[in-house]
Structure formats: structure tokens, C-alpha cells
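Visitor: Please see the structure below; I have some questions.
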Amino acid sequence: MMFTAETRIKRQKNGNVHVYVYYRCTRKSKAVVCREPHIRAEELDKQLSALLLRYAMPTSWADKLRELIDKDEANEKTDFAHRVAGDKKTITRLSEKMQRLLDSYLNGDVERELYQDKRAEILGKKKLLEEKIEQATLGVSTWGEPMKQWIETAVSICKIAKGDDLDAKKSLCLEIFGSNLQIRQKEVVIDDDQFLNSPQKNRWSALRTASEKAARSGDRFRFSSDLVTLPGIEPGLPG
């Protein structure tokens, strides 16, 4: 979100001083002048709150998603353990094979050149398997945490939107919309052409769609199965 604040001071004849904060769009190029009218900070706060609430996640949904994430992570770890067990056995056999090769070389049963070739071959196979295990370990241990962090952000929206901290609202809008918010005729709007192609779009748009669908059904807090295949998120669920 790219808004620029301007402070204006109004002094009355009776000596009272009023300070007003106005906002307008920030242009990426200073050569481009924004011709949209300013919007008061109070009105910006009100509009951002209304916009954010359309992307808020009910705590019951968050609990269900966390449950599904934990289940997916547990299943992946079990599958990983089975896959890795076979690779580790192969590594053990290769180590034993290399020890036998070394013994044969020390006993003079294998020529030096052959020993070096076979040793390099065994080490190469071991390294490939070790790298495979390392990559699989990273995949299992890292995908769930970003999802959980996203859920925490989505749940926090309701509290932030209903609070008085405008800076917190602007920060949250920046996380959700990036720089895809604009002020047009004193209204905060989403720049759809940009937002639909942005990294932020997938999960947040899917959450908003699911929320609207639940509201139309008459049960705002009923968990939406659409979130189980929410785009932009990792295996099993969605970000």
C-alpha cells in the first residue's frame, strides 16, 4: 500500500489549533502528480478496517487448518522416515563395501588404481544419498511453519481492524495487498489488475471468497472445505 500522509494545521481566531492528517496515493515516479483528492486519516482508518474485515479468518477455521496442517506434517514425517530408512541402509552397505575394499587394498589383493576408482565410485553414491536425505529433511521441516504464520496473521485481522492503531492497519494492508491499494475519489480500492497477478493474491483472495461463501450460506463460522485446497500454500492444504 502506498499512501503519503500530509499534516495540515488550522488555526482559529479564538486561538484554538486543530491538526488534521490527510492521505493520498504515493506515486512511484515523482514526475507523476496525483490528482486524486486527499482523504482524512479518520476516513482512511474506517475504510481500511472495513476492507481488512473481508479477509479476517474465524478462529474456528484457524483451529481446523492447524489440525489439518499437523496431520499432514505427521504423515509426511512418517513417509519420510520410511523413505530415509532405505537410503540409510544403502549408505551403511556402501560403507561396509568401502571397508572391504580398503582391507583388500591393504592386503595387496587390489591394485592402487582400481582401489581409487572403486573408492571414488562408492563415495559418489554415498554423497548423492546423503544429499537426498538432507533435501528431504528440509522439505518436511519447513513447509508448515509459513502456513501457520499466515494463519496467525489472518486471525489477527479482526482485532486489528476493530482497534484504533492506524499504523497497524496500514502494515497489515501492506502484507495482504502489497502496493496494490489506491485512493480513487476518496475511496480505498484494490488495483485488481496488479493484485490478481501478485504473490499476495492467491491465499488472501481464496480466504475472502470462502468467507463470502460461508456468509451467503447463513453460517459465517462454518469451516469452508475450499480452504483445504487453498492455492499458494504447501502440500495437503494450500501460501
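Visitor: Of everything in region 111-134 that's in a helix (DSSP H, G or I) and among the acidic types (Asp, Glu), which residue is nearest to the chain's Cα centre (by Cα)?
Guide: Here the answer is Glu134.
Visitor: Of the residues Leu52, Leu68, which is modelled with pLDDT of 90 or more and among the aliphatic types (A, V, I, L, M)?
Guide: Unique residue meeting the criteria: Leu52.
Visitor: Select from region 113-152 the residues that are farther than 28 Å from Ala74 by Cβ and in contact with a helix residue (DSSP H, G or I) (Cβ under 7 Å, 6 or more places away or on another chain) and list them in ascending order.
Guide: Result: Tyr115, Lys118, Arg119, Ile122, Lys125, Lys126.
Visitor: Follow-up. What pairs come out if I take residues in region 42-61 that are over 11 Å from Ile157 (Cβ atoms) and pair them with residues that are outside any loop (DSSP other than H, G, I, E, B) and aromatic (Phe, Trp, Tyr) whose C-beta lies under 8 Å away, six or more apart or interchain?
Guide: Final answer for the pair search is Leu44/Phe3; Leu44/Tyr23.
Visitor: Here is a list of conditions, (1) among the hydrophobic types (A, V, I, L, M, F, W, C); (2) modelled with pLDDT of 95 or more; (3) outside any helix (DSSP H, G or I), and Leu94 meets all of them except one; can you say which number that is?
Guide: If we test Leu94 against (1) among the hydrophobic types (A, V, I, L, M, F, W, C); (2) modelled with pLDDT of 95 or more; (3) outside any helix (DSSP H, G or I), just (3) comes out false.
Visitor: What do you reckon, is Gly178 at pLDDT below 95 and either over 17 Å from the mean Cα position of the chain (by Cα) or surrounded by 20 or more Cβ atoms within 10 Å (Cβ to Cβ) (or both)?
Guide: For Gly178, the condition - at pLDDT below 95 and either over 17 Å from the mean Cα position of the chain (by Cα) or surrounded by 20 or more Cβ atoms within 10 Å (Cβ to Cβ) (or both) - is not met.
Visitor: I've got another one for you. Restricting attention to region 181-220, report how many residues are small (Gly, Ala, Ser), at pLDDT 80 or above and not in a helix (DSSP H, G or I).
Guide: Total satisfying the criteria: 0.
The values are calculated or read from the model by the stated rules, or taken from the named source; none is laboratory data. Values in this document were obtained by computation on a predicted structure and should not be read as measured data. Virtual Cβ from ideal backbone geometry, glycine too; neighbours counted across all protein chains shown.
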